[in-house]
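Taking it in order: structure first as structure tokens, then the write-up.
The values are calculated or read from the model by the stated rules, or taken from the named source; none is laboratory data. Being a predicted model, the structure only gives us computed values, none of them experimental. Ideal geometry is used to build each Cβ from the backbone, glycine not excepted, and the neighbour counts take in all protein chains shown. In case anyone asks, the SASA skips ligands and DNA or RNA and just uses the protein heavy atoms, side chains included. Shrake-Rupley method; radii C 1.70, N 1.55, O 1.52, S 1.80 Å.
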Amino acid sequence: MLIIPVKDGENIDRALKRFKRKFDRTGTMRQLRKRQAFSKPSVERRAQIQKAQYIQHLRDQEEI
């Protein structure tokens, strides 16, 4: 649970902005979205390998 202390005389917009920033840093929404769609570990591994191959291909193209 996030607790944002609001100081006396502080603008509510500023407190809300601090809350949003703190909420983004915790990664709660990313975690929820990741849990919504399950993907098998083999599929995740394959995606990581394909991404690594793509990045390596880009780096090889820069060297040429």
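Taken about its Cα centre, the chain carries a charge dipole of roughly 400 debye when the Cβ of each Lys and Arg holds +1 and the Cβ of each Asp and Glu holds -1. Solvent-accessible surface of the chain, taken per residue with a 1.4 Å probe and all protein chains present: 103 Å². Let me know the shape class of the chain, please: from the alpha-carbon gyration tensor, a ≥ b ≥ c as square roots of the eigenvalues, rounded when a/c is under 1.5, otherwise prolate if a/b is greater than b/c, or oblate. Oblate.
With a 1.4 Å probe and every protein chain kept in, tell me what percent of the accessible surface of the chain is carbon plus sulfur.
On the way: 3520 of 6570 Å².
Percent of accessible area from carbon and sulfur atoms in the chain: 54.
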